[in-house]
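Have a look at the structure below before the remarks.
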Amino acid sequence: MKGLASVLGVILLSGCAALAGPLEVSIGGGVSAVSLDAYNGILESWNALIEHLNETFLVHPDVSGTVRTLDLLSNGMGFQVAEWYWPLGWLALGARFEYEQSKTATRGTYVGAGTSTIDIALEWQTIGVLAGARFLILDAGVRLSGDLALGYFHGALAHSVTFEVPSEYTDALAGLPPEGGGRHTGDTVGLAAQLSVDVPIAAGLGLGAAVGYRSAVIGALTDASDASGDPLDLDGDETSEEANLSGIGVRLTLSFDIDLSLDGEGEKE
C-alpha cells in the first residue's frame, strides 16, 4: 500500500514537470464524519456498562462517584491540500492530500472501600493521498465543479483503557473491556468524490466550499510497535474489527493559481 502512495507522488511530480503550465492550488479545512461503525458499536457497549454502574452506585450506600459516557468516533476535523492542472477549460488532472482526526475520552472514579478508576481515551487519524480528475460543471461567476479520485488511505487508532469496577459490585458483569493500550495501523485503497463551489475574489484567488464522500475499508488494524503485527481486538472477543473509513467531509477552501510555465505566460483555456 505504501508503494501506491509513492507511485501517486511520482505521477503528480512527473505530470507537473511534463505539463509545466498553470496550476490551481487549494487549501481547505472543516468538519468530517467517518463511519468506524465496528469501533463505535464497541463504544456504545462500553457506555451501556458505564451507565449501568452510574445507576447502581447512585443509590449504593457505600459507593459514590460517576463517570461520563464516551462520545462516538464519528465526528472530527479535516484538512485538505489539492493541486489541479487544467489542460482543458472543463477538465483538470491532479492530486490531493487529506488528514482527518476524531477522538474521544472519559475519566472518572468510584469511591468505596477503595478508589476504582475508569479512564478511556481513543484517537483516530486518517491520512489520504489521492489522484484523480476534476470536471467543470458550471462557470457563471460562481464555479461549480466535481471530481473523482482513487487514493491510498492510512488509518491509525491510539487507545488506552482502564476499567476498574468497585469490589462492592458483587454480580458478574459481562462485556468488560480489556485493559491496556497501544497504537494500531492499517492501509487500504479507496474511492472519493467531491463537489466544490468557488467564488473568485481577486485575480487568481478564490474562496469556496466543498462537500466530499469517501468509500474505503481497512480489513484489520495491526500493532504498529510490534513486528509480529498482532491485529487489534478492541473488545477482547478474539475477533479483529474492520475500520470502515467511509464518510462525508465539509470544508471551506482557499484556492489560488500558480503559473509554472517557463515563459510565465501559461493560462487556463
Looking at the structure I just gave you, is residue 175 in contact (Cβ under 8 Å) with a residue 40 or more places away in the chain, at positive phi and surrounded by fewer than 16 Cβ atoms within 10 Å (Cβ to Cβ)?
yes
Does region 65-74 contain at least one residue that is among the hydroxyl-bearing types (Ser, Thr, Tyr), modelled with pLDDT under 95, surrounded by fewer than 16 Cβ atoms within 10 Å (Cβ to Cβ) and not in a strand (DSSP E or B)?
no
Filter result for the condition that a residue is within 30 Å of residue 257 (Cα to Cα), charged (D, E, K, R) and surrounded by 16 or more Cβ atoms within 10 Å (Cβ to Cβ), over 214, 183
214
Output the residues belonging to region 79-103 that are among the polar types (S, T, N, Q), in contact (Cβ under 8 Å) with a residue 60 or more places away in the chain and closer than 14 Å to residue 34 by Cβ.
102
Confirm whether residue 187 is within 20 Å of the chain's Cα centre (by Cα), modelled with pLDDT of 95 or more and over 20 Å from residue 33 (Cβ atoms).
yes
Could you list all residues from region 157-172 that are in contact (Cβ under 8 Å) with a residue 24 or more places away in the chain, assigned to a loop (DSSP other than H, G, I, E, B) and among the hydrophobic types (A, V, I, L, M, F, W, C)?
165
Test result for residue 116, touching a residue at least 60 places away in the same chain (Cβ under 8 Å), assigned to a strand (DSSP E or B) and within 30 Å of residue 162 (Cβ to Cβ):
no
Can you confirm whether region 29-46 contains a residue that is surrounded by fewer than 20 Cβ atoms within 10 Å (Cβ to Cβ) and assigned to a loop (DSSP other than H, G, I, E, B)?
yes
Here is a check on your reading of the model: is residue 45 farther than 16 Å from residue 116 by Cα and modelled with pLDDT of 95 or more?
yes
Selection from region 223-251 of residues of a type in the set (S, T, N, Q), modelled with pLDDT of 95 or more and either loosely packed, with under 14 Cβ neighbours inside 10 Å or part of a strand (DSSP E or B) (or both) yields 244
What are the pairs with Cβ atoms under 8 angstrom where one residue, in region 223-250, is within 16 Å of residue 160 (Cα to Cα) and the other, located anywhere, is of a type in the set (Lys, Arg) and surrounded by 14 or more Cβ atoms within 10 Å (Cβ to Cβ)? Sequence gap at least six, or different chains.
223/183; 224/183; 225/183
Residues that are among the polar types (S, T, N, Q), more than 18 Å from residue 159 (Cβ to Cβ) and touching a strand residue (DSSP E or B) at 6+ places or on another chain (Cβ under 8 Å): does region 225-242 have at least one?
no
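The values are calculated or read from the model by the stated rules, or taken from the named source; none is laboratory data. Note that the structure is predicted; figures quoted are calculated from it, not measured. Don't worry about glycine lacking a Cβ; one is built from the backbone with ideal geometry, like all the others, and counts go over all protein chains shown.
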